[in-house]
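Nothing in this text is a laboratory measurement; each read-out follows from the coordinates by a stated rule. Please read all numbers here as calculations on a predicted model, not as lab measurements. Note that we place each Cβ from the backbone using ideal geometry, even for glycine, and neighbour counts take in every protein chain shown.
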Amino acid sequence: MKVLVTGASGRIGKALCDELLARGDEVVGLTRDPDKARAAQSQITWHAWEPTLERPAEAAFEGVDGVVNLVGEKIAQRWTDEAKRKIMDSRKVATHNLVGAIEGLARKPKVLVSQSAVGYYGNRGDEPLDESSAPGESFDASVCVEWEKAAHEVEAAGVRLAIVRTGQVMETGGGILGELLLPFKLGVGGPLAGGRQWVPWIHLSDEVGILIWALDTESASGVVNGTAPNPVTNAEWSKALGRALHRPAVLPIPGLAVEVKFGKEFGKVAQGGQKVLPKRTEELGYAFKYPEIDGALRDLVG
């Protein structure tokens with residue numbers, strides 16, 4: 001299979017490309033700096049692309065069977081007006097440009113797997129949420145709504161679309177685990193802002209697994225949640241990380257510390273959570289490698 005990946009140099013993108021190459025697929029990557037990307041990963045065929053300014057070149061799609069869209073400005077930052085514009089445009093406009101290029105091809109790929117996020121649901125407390133749940137009202141929810149709307153444009157071209165609403169990806173190089181690993185190793189970690197909020201987590205191997213499963217599986221269309229089937233509260237997550245590291249996990253992190261680091265608006269969002277369940281993901285046949293948080297964290301840091 002020949003797969004084109006946007007965001008191929010990001011955390012999830014790198015892991016996805018490595019897995020695709022390991023199973024014998026050809027991989028094409030879109031990037032702003034092909035020379036830099038080529039130096040880091042020479043097995044990928046790289047093409048230049050400015051996501052918010054242009055459509056990808058037609059040559060990048062030659063012989064491509066499937067596309068995985070992972071492009072997007074990082075969410076975890078201070079939400080200034082400029083940052084919000086970049087966060088929105090890097091998803092909405094970039095995906096619109098990607099789909100526009102696909103629509104214009106004489107030979108179109110069979111499938112587009114486009115990432116979204118559980119931020120779609122907003123902060124919903126203890127409410128169980130699945131793929132049929134309504135969107136929230138926060139900024140990150142509105143970004144996901146527009147992101148998904150742009151991806152849906154590809155269906156008019158007869159291309160199968162799978163949208164993966166990704167949760168908090170567990171891996172040591174970034175995200176919540178990468179951010180908090182050192183404090184927990186030092187024995188000064190603990191629950192955030194009381195720890196009652198839900199963590200819609202997923203092991204990096206399962207995130208990559210779902211993306212590849214969605215590429216390969218004809219019945220995988222529409223929205224699927226990229227979250228483990230057993231969400232935990234932040235307090236439970238903290239205890240599980242402490243167990244994996246054989247360290248105490250009792251020192252609370254005040255919510256104010258997050259607001260100081262990231263600003264009040266994103267700081268409030270970071271203290272919230274969603275009890276997200278991968279109902280359709282499992283119904284359509286994906287089998288999780290790491291359904292429980294203890295096994296996932298032991299694999300990553302134990």
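Assorted remarks:
- For a paramagnetic label modelled on residue 21 (point 7 Å from Cα along Cα→Cβ), amide N atoms under 18 Å away belong, within region 62-89, to 68, 70.
- Packing-based ranking, highest mean first, of 142-150, 224-232 given that Cβ atoms within 10 Å are counted: 224-232, 142-150
- Pairs with C-alpha atoms separated by more than 20 Å, drawn from the list 185/264; 84/268; 2/36; 185/239; 74/239; 74/261, are 185/264; 2/36; 74/239.
- MRE, 222 nm, helices only [DSSP H, n ≥ 4, -39500 (n - 2.57), over the chain, to nearest 500]: -11500 deg cm²/dmol
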